[in-house]
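Read the structure below first, then the notes.
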Amino acid sequence: MSVIAEELSPTIAASSSSPALESVFASALAAANEPAWLVTLRRDAWARANRDGAIATNGVLVGKKDERWRFSGHKGWSLSGATCVKDKFSATLPDILSGGQPFPVSGRLTFANDQLVQQAALSPELVKKGVVFLPLAEAIQKHPDLLREHLFKHDHALGGANFLAFHHAYARSGAFLYVPDNVEVTELFAVAHMAEAAGATLFPHTLIVTGANTTVNYLDYFGSLGDNPAYVAGSATILAGPGSRVFRKSIQNFNIRALAYQCDSIVSGKDSQVKNISVHLGAERSRYESYSKLNGPGANLELCALTIATGTQEFDQRTFQDHAAPNATSNLLFKNALLDESRTIFAGMIRVDPCAEETDAYQQNRNLLLNPAAEADSLPGLEIQNQNVRCTHGATTSRLDPEELFYLRSRGISRESAYQLLVFGFFEEVIQKVDSEPLAALLRRRAWEKFGK
């Protein structure tokens, strides 16, 4: 199941001709035994990612003068030291959903070091209804026509094109979920991607395709087993059919030595309702890109994110709400809490096409500075090409209100407890949106563990 056949770091340090790296890529293609159309996609992606020997020369995938990386410490993004593990993962694997209330699931997949290590089969009832939930590599073999139509066809990078191309070239771990017309699945599909080995390189991919009038509930969890460094280039794509309801949650909780890039793309059909909530806790540097296209009249999209930054962490967030159909609604709320000397960057854009009349779009970034040394940069934007719309955006950066602290302390609450109550009240607006008490409890535990550190 290993994607890359040998260690990456020596090839990254190689000359611009990169013969060793080309050999690694060729070995990966040969070992996968994939259909010709996918081999072509991967070769094209590799050519884009390694244009002018960029990866082979210094392992850097970020252009120094790219405006889409404004404010970001792009020099910290390097693949130097990255490896892919050849040995089968055999360590004890903790249950990332344990420790709270029962967590019923419709299906579950767990990957460690980019290898599948656990799989819970779908119920016969869901199989009979035509639901497909498989590891990506298996789905490519069993459902080639469906994958050919959608795989890597709808991903949109917002500055991370090299990362996304690198992902397309190597991604084989991850999940494919297909739900046909008029099928409702309320229990969660849960997928975990864990990094354990030193320098492990992960390419997690999520592809969700729904038919008309469906219901889907999905969770991606990204974490670390131990304190080894990891390198992640991930992607998730949601294709919501007409009248469908798709609710995806993602939790990024890698250790502090990880570099994590994630690109989420959403295409919303007519009268669909899509909610995507992402929680960002881990990694030394994290880049999150979210592209959403409201492609059908009456589509409704809600995007929420919660980030807790400590130490010298940097979280870079780039979003694009693309209204390409009339009477559609989008609502974005990104909340960041910053401690110590951490940093966050938010750059968002709402674009309304000329045909998208009666658009209702909202974008809000709220930053809570819990230390004077922390830094939050916000760049919200609008591009409106139709006059009959309602679009608003804004950004706020503030500290805890001294009057609120005083009020709580005057009621006999200690300063530390009052501080924590106000901060977790800031978190709760996003956490409550998950519409699942077991999952909300999991998020509160993860937030508490991060805040406590």
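Suppose we filter LEU207, LEU259 for residues that are in a strand (DSSP E or B), buried (at least 24 other Cβ atoms within 10 Å of the Cβ) and touching a residue at least 40 places away in the same chain (Cβ under 8 Å); which single one remains?
LEU207
For ALA376, are the conditions met, namely being open to solvent by less than 50 Å² (accessible area, probe 1.4 Å), in contact with a Ser or Thr (Cβ under 8 Å, 6 or more places away or on another chain) and aliphatic (A, V, I, L, M)?
yes
Which of the strands (runs of 3 or more DSSP E) contained wholly in segment 100-174 include at least 1 residues that are acidic (Asp, Glu) and open to solvent by 10 Å² or more (accessible area, probe 1.4 Å)?
none
Tell me whether segment 378-396 contains one or more residues that are closer than 30 Å to ALA418 by Cβ and in contact (Cβ under 8 Å) with a residue 60 or more places away in the chain.
no
I'm told ARG245 meets every condition in (1) surrounded by 20 or more Cβ atoms within 10 Å (Cβ to Cβ); (2) out of contact with any Leu (no Cβ under 7 Å at 6 or more places or on another chain) except one. Can you identify the failing condition by its number?
All conditions pass for ARG245, except number (1).
Would you mind stating whether TYR291 is open to solvent by less than 10 Å² (accessible area, probe 1.4 Å), among the aromatic types (Phe, Trp, Tyr), within 21 Å of LEU219 (Cα to Cα) and touching a Phe, Trp or Tyr at 6+ places or on another chain (Cβ under 8 Å)?
Against the criterion (open to solvent by less than 10 Å² (accessible area, probe 1.4 Å), among the aromatic types (Phe, Trp, Tyr), within 21 Å of LEU219 (Cα to Cα) and touching a Phe, Trp or Tyr at 6+ places or on another chain (Cβ under 8 Å)), TYR291 does not qualify.
Search segment 359-372 for residues being open to solvent by less than 60 Å² (accessible area, probe 1.4 Å), farther than 22 Å from LYS270 by Cα and of a type outside the set (S, T, N, Q), and hand back the single one that is modelled with the lowest pLDDT.
LEU370
Any chance segment 320-332 includes a residue that's of a type in the set (D, E, K, R) and open to solvent by less than 10 Å² (accessible area, probe 1.4 Å)?
Yes, segment 320-332 contains a residue that is of a type in the set (D, E, K, R) and open to solvent by less than 10 Å² (accessible area, probe 1.4 Å).
Mind checking whether some residue in segment 377-400 is at pLDDT 90 or above and among the acidic types (Asp, Glu)?
Checking segment 377-400: at least one residue is at pLDDT 90 or above and among the acidic types (Asp, Glu).
The values are calculated or read from the model by the stated rules, or taken from the named source; none is laboratory data. What you are looking at is a predicted structure, and each value in this text was computed from that prediction instead of being measured. Cβ sites come from the backbone with ideal geometry, for glycine too, and all protein chains shown count toward neighbours. Side chains included, ligands, DNA and RNA excluded: accessible areas come from the protein's heavy atoms. Shrake-Rupley method; radii C 1.70, N 1.55, O 1.52, S 1.80 Å.
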